[in-house]
Amino acid sequence: QVQLVESGGGLVQPGGSLRLSCAASRITFSLYTMGWYRQAPGKQRELVAAVTSGGDTNYVNSMKGRFTTSRDNAKNTVYLQMNNLKPEDTAVYYCNAKNGYRVYWGQGTQVTVSS
């Protein structure tokens, strides 16, 4: 069974940083585009950032310059470094793996930005 396990969420003050990790198992990790999504209460899930199998990254405009995603294929892990966090970044953050019609989701990790 494919597993995507996120970690690194928590409570942080505005302006602070967090690094999320997503460890994948039972997929050929290097072939997958890995994405980060988030869902705030009462809102739809939205894309935050993604990194392709070739290492190309893309970000939602509002996250550019604050968030950075990277991958380590040797560890089957994708990361999301989040800096200068704002209260509006509060959400559950989900890891996503996609390769063609194969799409998998993690269980999510809560990020709360509050003073």
For the chain, the Kirkwood Rh over every pair of distinct alpha carbons, in Å, works out to 14.0
Straight-line reach check, LYS64, cutoff 16 Å on alpha carbons, 8 or more apart in-chain or any other chain, hits among lysines -> LYS86
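What is the sum of charges around ASN83, taking Lys and Arg as +1, Asp and Glu as -1, for the other residues whose C-beta is under 12 Å from the C-beta of ASN83? It would help to have the intermediate numbers written out before the result.
Values: positive: ARG19, LYS64, ARG66, LYS86; negative: ASP89.
That sum, taken over residues with Cβ under 12 Å, equals +3.
Trypsin sites (Lys or Arg not before Pro), restricted to the range 1-64: which are DSSP loop and have at most 11 other Cβ atoms within 10 Å?
Numbers: sites: ARG19, ARG26, ARG38, LYS43, ARG45, LYS64; in loops: ARG26, LYS43, ARG45, LYS64.
Sites meeting the loop and neighbour criteria: ARG26, LYS43, LYS64.
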Hey, can you find the accessible area per residue of the chain for me, probe 1.4 Å, expressed in square angstrom?
53
Summarise the accessible area of the chain (1.4 Å probe, protein heavy atoms) by the percent that is carbon and sulfur.
45
Report the one residue of LEU18, GLY65, GLN39 whose Cα lies farthest in the direction of the positive end of the charge dipole of the chain (charges on C-beta: Lys and Arg +1, Asp and Glu -1; origin at the Cα centre).
GLN39
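The values are calculated or read from the model by the stated rules, or taken from the named source; none is laboratory data. Predicted model only: the values in this text are computed from it and were never measured. Note that we place each Cβ from the backbone using ideal geometry, even for glycine, and neighbour counts take in every protein chain shown. Heavy atoms of the whole protein, side chains included, go into the accessibility calculation; ligands, DNA and RNA do not. Shrake-Rupley method; radii C 1.70, N 1.55, O 1.52, S 1.80 Å.
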